[in-house]
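Please read the structure below before turning to the comments.
The values are calculated or read from the model by the stated rules, or taken from the named source; none is laboratory data. Everything quoted here is computed from the prediction, not taken from an experiment. Virtual Cβ from ideal backbone geometry, glycine too; neighbours counted across all protein chains shown. Quick note on the areas: whole protein, heavy atoms, side chains included, nothing else; ligands and nucleic acids left out. Shrake-Rupley method; radii C 1.70, N 1.55, O 1.52, S 1.80 Å.
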Amino acid sequence: MLPFGVRTPVPTGALCPESRGENRAGIPGPLVAISKPPGLAVTGSPGQLSVISLLPDLSQRLSLPHELHVVKAAGKDSSGLVLLSGCPGTTRQLHAFFTQLRRAGRPPATYRAVTAGVPAAVEGEIRTGLKLEQVGDLQLVVPVAAPSRPSVERKEVKQTLTHYRVLGAAPGCSLVQLQPMTAFPSQLLVHLTLLLCPALGDHVYSARVGTVLGEPFPLPAGSALPHTQVLGEQLLRRLRLTQELLHRLPLHLHLYQLLLPTASLTAPPPAFFLQTLRLLGLPGGQRVP
């Protein structure tokens, strides 16, 4: 059994861009959307379970004449949309469309996250440089507040931008919409720590946010090594968890929506995400707006 939900919001057909037909997304050729659980990698080593390893079976089940490949996908630890195409030409058109959207200031992807903490502003943007850096035995993403022009030109640092909006808040937590305008590994998780509101289930970058008398403050990225997320007692009680069991909490970061030329795709969050919304009194526990 496939470990994700197969969704068909975009009708598919055995057509490539050279063919005559189109689907309702305004792009020629077959498109398939699935919703994946957290923890399932998009790519992996031979023999390792991943989205890529499951595509031949999925193509066969859908009776598609072309093998599917990934156009855009939620990261390994995130849940949510994976957009698949059966034709390289269709994929190129969609990548060009996503680039055009970003250049026009329109985010192609919308994520939703449950966070520990409430951002100081209801909406805004997070701008910072990001780079990969060896921290102990790990390669982690660290922010660079004011990167030099040479470091950016040498691509040692990438300037990143995320728009955010608080969709709802309760004591000590919030539901946040995130729209990245750039792409960098772990961008959204690191950006949330800069808001002092790490995502629930972030057992890597949440270590960079400490608390004193219940107030969050930033810790240096170089010395805040990853560990199981630490939550306040009130939040733990509402989640019906103990700190000893918190390592089981999955990441609450979900790729909710993708824009296409004449349509949009949405994937409701998984059951554990909706349960957390209900337990914390956040909006969308029954149905995400």
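For the chain, which longest stretch is free of loop sites, where a loop site is one of the GluC sites (Glu not before Pro) that DSSP puts outside H, G, I, E and B and that has at most 15 other Cβ atoms within 10 Å?
157-289
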| task | Just the Kirkwood number for the chain, please: inverse of mean 1/r across all distinct Cα pairs, in Å, one decimal. | result | 20.1
| remark: Of THR266, THR162, ordered by accessible area with the largest first and a 1.4 Å probe, the sequence is THR266, THR162
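Mind giving me the FRET efficiency for ALA120 and THR262? R0 is 41 Å, r the Cβ-Cβ distance, nearest 0.05 is fine.
In this case the efficiency is close to 0.60.
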| request: Would you work out if the stretch 186-289 is rounded, prolate or oblate? Take a ≥ b ≥ c from the square roots of the eigenvalues of the alpha-carbon gyration tensor; rounded if a/c is under 1.5, else prolate when a/b is larger than b/c, oblate otherwise. | output: oblate
| note | Two pseudo-spin positions, 7 Å from Cα along C-beta at LEU101 and at GLU244, lie apart in nanometres by 4.6
| task | Normalise the Debye intensity by I(0) for the stretch 112-248, one equal point scatterer per Cα, no solvent, then take log10 at q = 0.11, 0.12, 0.14, 0.18 Å⁻¹ and round to two decimals. | result | -0.40, -0.48, -0.64, -1.03
| said: Given points 7 Å out from each Cα along the Cα-Cβ axis, report the ASP57 to HIS227 separation in nanometres with one decimal. | reply: 3.9
| note | the chain: antiparallel bridges as % of DSSP beta bridges, rounded to 5, reads 95
| query | Just the accessible area for LEU167, please: 1.4 Å probe, Å², rounded to the nearest 10? | reply | 50
| Using a 1.4 angstrom probe with every protein chain in place, what is the largest-first accessible-area order of ASP57, ASP137? | ASP137, ASP57
| message | For the stretch 158-230, report the % of Cα-Cα distances exceeding 15 Å. | response | 56
| field | Accessible surface, the chain, averaged per residue in Å² (probe 1.4 Å) | value | 49
| said: Can you give the Rg/Rh ratio of the stretch 129-185, where Rg is from the C-alpha atoms and Rh is the Kirkwood radius? | reply: 1.11
| task | List the residues of the stretch 111-130 whose backbone N lies under 13 Å from a point placed 7 Å from the Cα of LEU161 along the Cα-to-Cβ direction. | result | 125-129
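How would the stretch 68-138 be classified by its alpha-carbon gyration tensor: rounded, prolate or oblate, with rounded meaning a/c under 1.5 and the a/b versus b/c comparison settling the rest?
On the way: a/c = 1.84, a/b = 1.45, b/c = 1.27.
Prolate shape, in that a/c is at least 1.5 and a/b is the bigger ratio.
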| note | Counting only DSSP loop positions in the stretch 197-289, the trypsin sites (Lys or Arg not before Pro) whose Cβ has at most 11 other Cβ atoms within 10 Å are ARG240, ARG287
